[in-house]
1. Can you give the calculated 222 nm mean residue ellipticity of the chain, where each DSSP H run of n ≥ 4 adds -39,500 (n - 2.57) and the sum is split over every residue, rounded to the nearest 500 deg cm²/dmol?
2. In this model, which of Lys72/Lys226; Lys11/Lys192; Lys3/Lys179; Lys140/Lys182; Lys11/Lys50; Lys11/Lys224 are farther than 24 Å apart at the alpha-carbon?
3. Would you mind computing Rg(Cα) / (2.2 N^0.38 Å) for the stretch 2-231, counting N as its residues?
4. Dipole magnitude of the chain about its Cα centre, charges +1 at Lys/Arg Cβ and -1 at Asp/Glu Cβ only, in debye to the nearest 20?
5. Hey, can you grab everything whose amide H is under 5 Å from the amide H of Ile4? Only 5+ residues off in sequence or another chain; H modelled, so Pro and N-termini drop out.
6. Taking the Cβ of Val102 as the centre, find all other residues whose Cβ is under 13 Å away and add up their charges (Lys, Arg: +1; Asp, Glu: -1).
7. Using a Gaussian network model of the chain whose springs link C-alpha atoms within less than 10 Å, name the residue from Ser28, Ser44, Ser181 with the highest mean-square fluctuation.
8. What is the diffusion coefficient of the stretch 111-164 in µm²/s, taking the Kirkwood radius over Cα pairs and the Stokes-Einstein relation at 10 °C with a viscosity of 1.306 mPa s?
Amino acid sequence: MHKICLHGPGKNALGTDMISSILSEMESANGAPLLFTGEGDAFSAGLNLKEVGSLDHPGMEAFLHRLENFFKAVWLYPGPTAAAINGHAIAGGCILAMCCDVVVSTSNERARIGLNEVALGLRFPPGLQHFVRATVASDKINEVILGSGLHSPAAALRLGLVQEVADNPAERATERLAKLSKHPADAYAATKRDLRHGVMDASEEDQQRFVEEVLPFWTSDELKAKIRSILGG
């Protein structure tokens, strides 16, 4: 098993440097089981807002394209993957966990888990929109996406954002990874690919519509002001 510990500023926020580091670790793991967890009291609090707030239109387009490819790499990783959610898993942090085969959350009621993009005025890139629609149950998706809430572990379990809640999520996730690892590796990888191939794909038309209609808000003065307020600057 290969352990990947998310660590960085902003409660392990996902930015270009962290994404590159994780992808490098995944490549080195070469299909071995992966365990994702976070440093300190958070799994990942979402995107690196300092980086997001600094980007112009071309920079933001490149950043979101890189982000989608990163999530796709985790989603399609051939070996077993598990997320041990040790604390907050918010927005992009929650999506990273959802990309894993196994998702075990801490039982700490102070942890918050959810997809709060709508509350910030944001819309998902099209590939991630397809992913969320495919992975969140139809009777829960309005509450998860339109409600845009951050939930306790028990509520996240009810909504299907996590599969299990445990006092020691890393220990429990490791146990489940060990069980998955007993399956023939080739069959596991091929079946996983069959199940997941195309889920995050988006048409050129959808991509172009996002660039023209949605991306401008990602670089707008309104969003930058929200980010400054969140960061206390």
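1. Per the formula, -14000 deg cm²/dmol.
2. Table pairs above 24 Å Cα-Cα are Lys72/Lys226; Lys11/Lys192; Lys140/Lys182.
3. Its radius of gyration relative to the 2.2 N^0.38 Å reference: 0.97.
4. Working: 22 positive and 28 negative charges, 113 e Å.
With Lys and Arg at +1 and Asp and Glu at -1, about 540 debye.
5. Result for Ile4 returns Leu35, Phe36, Thr37.
6. Numbers: positive: Arg172, Arg176, Lys179, Lys192; negative: Asp101, Glu164, Glu171, Glu175.
For residues surrounding Val102, the net value is 0.
7. Looking only at Ser28, Ser44, Ser181, the biggest GNM fluctuation is shown by Ser28.
8. Working: Rh = 11.3 Å.
Diffusion coefficient, whole number: 141 µm²/s.
Every number here is computed from the coordinates shown, using simple stated rules; none is lab data. Treat the numbers as computed from the prediction; the structure is a model and nothing was measured. Heads up, the Cβs are rebuilt from the backbone with ideal geometry, glycines too, and the neighbour counts pull from every protein chain shown.
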